[in-house]
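The values are calculated or read from the model by the stated rules, or taken from the named source; none is laboratory data. All values reported here derive from a predicted model rather than from experimental measurement. All Cβ positions, even for glycine, are placed from backbone atoms using ideal geometry, and neighbour counts span all protein chains on display. Only protein heavy atoms, including side chains, enter the accessible area calculation; ligands, DNA and RNA are left aside. Shrake-Rupley method; radii C 1.70, N 1.55, O 1.52, S 1.80 Å.
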Amino acid sequence: MASRWWRWRHGCSWKPEARSLGSGCPGRAGPSGPRAAAAAADVTRAQVSYFNLVKSLTSAFPIMYSISRFHHTTPAACCCSKTRSGERYTDPFKLGWRDLKGLYEDIRKELFISTTELKEMSEYYFDGKGKAFRPIIVVLMARACNIHHNNSRDVQASQRTIALIAEMIHTASLVHDDVIDHASSRRGKHTVNKIWGEKKAVLAGDLILSAASMALARTGNTTVISILTQVIEDLVRGEFLQLGSKENENERFAHYLEKTFKKTASLIANSCKAVSVLGCPDPVVHEIAYQYGRNVGIAFQLIDDVLDFTSCSDQMGKPTSADLKLGLATGPVLFACQQFPEMNAMIMRRFSLPGDVDRARQYVLQSDGVQQTTYLAQRYSHEAVREISKLRPSPEREALIQLSEIVLTRDK
């Protein structure tokens, strides 16, 4: 099972046109005959628990879509590709950074503060060492929508501002999350609350949010303002969802996915929608942008939850198994619970008894919870590709496709 999953993860590529599992990777010649049939049967058996669980969830959670066929494939990311129109482009991050030069300097200008300590706290994470994943997606989506609408290859100033706002909202949420979670490290260094204390950290997060709100107000577009204020509401509601849990297993997974959307994917989805509104009047394009961001955002968080079990602290820049220690049952745990029902009691008591965290971690690693969560992330990633492929071909559109694939193969 593990070796097959490794081959799927590292050796296969996925294309929107490929509609059946087939033999081998799409676009490649695969084995045939009895050996291929036996391999296909093994894959089918490996899918059963995932298929049955997720099929039951589609009616419980409207964000998920119906199950048809599922491809156990993850594309290997490449650094250079070619669009269907023949244009070449470098990796998505290089392409996006063209419009993000001076990103952190511009954010620090938005955070103009006279008090030295408050200034230092508020600027602490804007040091250029983050992934800038959200701003990259936002400017790429802006260009892709502009090209689709009128073949304009320029990013409007207001669209670039949305990229800054997205990064500011995200960073404010990290500061507040670290206070709630009593976290001591992030991005390989001490957290704001660890250095300055929880009370001051809350204020620093609030200040970043207020600066983001002022930048948003200056766009002067009431539709965009409404779209992005929804993100802040979702962040709060998502945090409340995280504080609770469900006894029913299907409700529990739906609860987890809704929390994942609100805490992570809403910001990406609504930021993508906001730049599409600024660049194109077509509601169909707005929905494409939103759905791409939603699906990529959920895939991103699912892989984050996988890395909490498979990566080391040095890679992540924060402690691993952190979710279990906080009493949180993420995707790998919920899938593992299908094979080890004794985990139900631990989930309901939020892993609060001595030894619960270690036992739960061992159950996850002995189960196929990591693989099944990865498969689910692939499903969301594939849906993101399907959505963005509706736009006119461009280097930015292809970069967004590649980003949705990179999400699945990242290790931190």
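If you take all other residues with their beta carbon under 13 Å from the beta carbon of Phe335, and give Lys and Arg +1 and Asp and Glu -1, the sum is -2. Only protein atoms count toward the accessible area here, which uses a 1.4 Å probe; on region 91-207, the carbon and sulfur part of that area reaches 52 percent. The modelled label-to-label distance between Lys194 and Glu342, using points 7 Å beyond Cα along the C-beta direction, is 3.4 nm.
Within the same chain, aspartates and glutamates fewer than 8 places from Lys131 are excluded, and of the rest, those with a Cα less than 12 Å from its Cα are Glu167.
The mean accessible area for residues of region 152-277, using a 1.4 Å probe and ignoring ligands and nucleic acids, is 41 Å² per residue.
When only alpha carbons of region 158-245 are considered, Rg and Dmax amount to 14.1, 40 Å.
Put simply, the amide H of His190, placed in the peptide plane, has no neighbours under 5 Å, leaving out anything fewer than 5 places away on its chain.
Solvent-accessible area assigned to carbon and sulfur over region 244-317 amounts to 44 percent, based on a 1.4 Å probe. Globularity index of region 217-264 is 1.48 (Cα radius of gyration / 2.2 N^0.38 Å, N = number of residues). Within the accessible surface of region 363-412, defined with a 1.4 Å probe on protein heavy atoms only, the carbon and sulfur portion equals 45 percent.
In terms of packing, defined here as the mean over residues of other Cβ atoms within 10 angstrom, the peptides 132-144, 296-308 line up highest first as 132-144, 296-308. What's the local net charge at Ile195, with K and R +1, D and E -1, over the other residues with C-beta under 10 Å away? Value of the local net charge: +2.
With the cut-off at 28 Å, tell me which of the pairs Lys101/Lys325; Lys194/Lys262; Lys194/Lys325; Lys273/Lys325 have Cα atoms farther apart than that. Going by Cα-Cα distance, Lys101/Lys325; Lys273/Lys325 fall outside the 28 Å limit.
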